[in-house]
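Everything below concerns the one structure shown next.
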Amino acid sequence: MKQKSVFICSECGNQSPKWMGKCTMCGSWNTMEEEIILPSSSPVASFSPPSSPKKIAEIDSSAEVRQGTGMSELDRVLGGGLVKGSFVLVGGDPGIGKSTLLLQICEFLGQTSKILYVSGEESPNQIKLRGERLGITTDNLKVYSETNMNYIKNAIAEENPDIIIVDSVQTMLNPEIGSSPGNVSQIKDVTSSFMRIAKDNNITVFLVGHVTKDGAIAGPKILEHMVDTVLYFEGDNQQSYRILRAVKNRFGSTNEIGVFEMEAGGLSQVANPSEALLSGRPEDSIGSCICCSMEGTRPVLAEIQALISPTSFGNPRRMTQGPDLNRVLMLLAVMEKQSGLHINSYDAYVNIVGGFKISETATDLGIVLALASSFRNRSLDKGIVAIGEVGLTGETRSVSFLEGRIQEAEKMGFTTCLIPYINSKKLRKFENIEVIPVKHIKDAINKFL
Ligand code: TYD
Ligand code: MG
């Protein structure tokens, strides 16, 4: 019998009977991969046993058991601990520390749970070596280097673990599907198999996923729909700070972040990100300003650095690392027009120290002051924190959670906090920090630089 095949887009999962250079659904090039169609035998996740609709008031929610992971930064991102029977996808660049994080929590989880660590990437030997470095001694952790889903299912049935860690979904293979590991249909099949295992047996499953060059988890978007929680581990390979972020969480908020630092003995938690991000800050540095961004419920202070230098080619260069480039372009235009600083013909570089990414507009005023400081070649007083959004006419605009931000600045020993004028009316008094309302960027630049 002739085998039927179909072409599936590895970006969006769009199917086509013919090969195409460009996916008609998502527009990506060279993403259509041929896969053999099998007679449909494997239904997608069925929840046994059959059940009937229930009144919401009658549903027993006490079944949701939270388990600490021994890492409060991870617990926070998970929404207050690991939910038993949940299905967690962890994505991130290679070498960012996904395997390290998951192996590291085994020591604590192993005190109460049986764990099966399935790796398609490393040999038991390699995992053992890493485990030794991380100080993993628990008796409750079993390591299985295998990629064949049939064997893995057998091992799970035999071992009956409470927690399964799968590293990574792109290496796992269902041999009945005629495509290679990492293809869309393999990823879908493997994920739905693990989902069935998680939901039917109330086993918690961690699934590691690789990311594409755009930073999305490789494979169809449907992967993220299937799981309960999607975590992204991000950060610079050159920097030691790592940020864990939830982009989807059925059991908690997605705003919280966890901050870690990669050290020789594995990941350590950074309980006070402001302190870590501000450490090593030189005094009287030109082009530097401290801003405050809300990361979930936590205010985080970060240092913005800007460099303005004469353009040597026709078009000025603008580069950012951390802040959004378009936002910085807008702020440069506002400064040119509204503050009398003629920076249009200069190159501008803006950076957030520590590899932190910030997208909050409350950092606008800090960016403007850092740029102006570099332009005027004068440094800001090192006790200043600048908070405020900047509008197109150069006015400052209100920001949320202002008191929490000022409090954080006060706690970290800063002496002056610039805030939007509009926020200043109903603000409580602070003892150790002077709060100065600012109406327009021109006022701030002329007064403090
Ligand atoms: P890893 O967890 O293997 O990354 P991923 O699984 O996301 O690809 O991260 C490994 C990196 O971290 C590697 O480059 C070495 C470094 N590392 C340390 O610095 N200290 C350690 O204790 C460990 C285990 C790794
Ligand atoms: Mg790994």
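Observations on the model:
- Between residue 52 and residue 248, the distance separating the two model label sites (each 7 Å from Cα on the Cα→Cβ line) works out to 3.2 nm.
- Most mobile listed residue (322, 354, 27) in the chain, GNM with C-alpha springs under 10 Å: 27
- The local environment of residue 145, defined by Cβ-Cβ distances under 14 Å, has a net charge of -1 under the rule Lys, Arg +1 and Asp, Glu -1.
- Short-range pairs are left out: with C-alpha atoms under 8 Å and at least six residues apart, the relative contact order of the chain is 12 percent.
- Share of pairwise Cα-Cα distances greater than 33 Å in the chain is 48 percent (whole percent).
- Split the accessible area of the chain by element, probe 1.4 Å, and carbon with sulfur accounts for 50%.
- Packing-based ranking of 98-107, 275-284, 409-418 yields 98-107, 409-418, 275-284, ordered from highest to lowest mean Cβ neighbour count within 10 Å.
- What the Kirkwood sum gives for the stretch 365-420 is a hydrodynamic radius of 12.0 Å, with every pair of different alpha carbons counted.
- Note on residue 232: accessible area approximately 30 square angstrom, rounded to 10, probe 1.4 Å, nucleic acids and ligands left out.
- Within the stretch 276-448, the proportion of C-alpha pairs whose separation exceeds 25 Å stands at 24%.
- Over 22 Å between alpha carbons, listed pairs 221/248; 142/248; 98/128; 382/426; 188/213; 4/153: 142/248; 382/426; 4/153
- The chain, helix-only ellipticity at 222 nm - DSSP H runs n ≥ 4, -39,500 (n - 2.57), divided by all residues, nearest 500: -7000 deg cm²/dmol
- Accessible area per residue for the chain, computed on protein heavy atoms with a 1.4 Å probe, is 48 Å².
- Euclidean distance between Cα centres, the stretch 359-429 to the stretch 246-263, Å: 26 Å
- The trypsin sites (Lys or Arg not before Pro) of the stretch 260-330 meeting both criteria, a DSSP state outside H, G, I, E and B (loop) and at most 12 other C-beta atoms within 10 angstrom of the site's C-beta, are 317.
The values are calculated or read from the model by the stated rules, or taken from the named source; none is laboratory data. As the structure is a computational prediction, the values presented were derived from the model and not from experiment. In this analysis, Cβ positions are derived from the backbone assuming ideal geometry, glycine residues included, and neighbour counts consider all displayed protein chains. We work out accessible area using only protein heavy atoms, side chains counted, and drop any ligands, DNA or RNA first. Shrake-Rupley method; radii C 1.70, N 1.55, O 1.52, S 1.80 Å.
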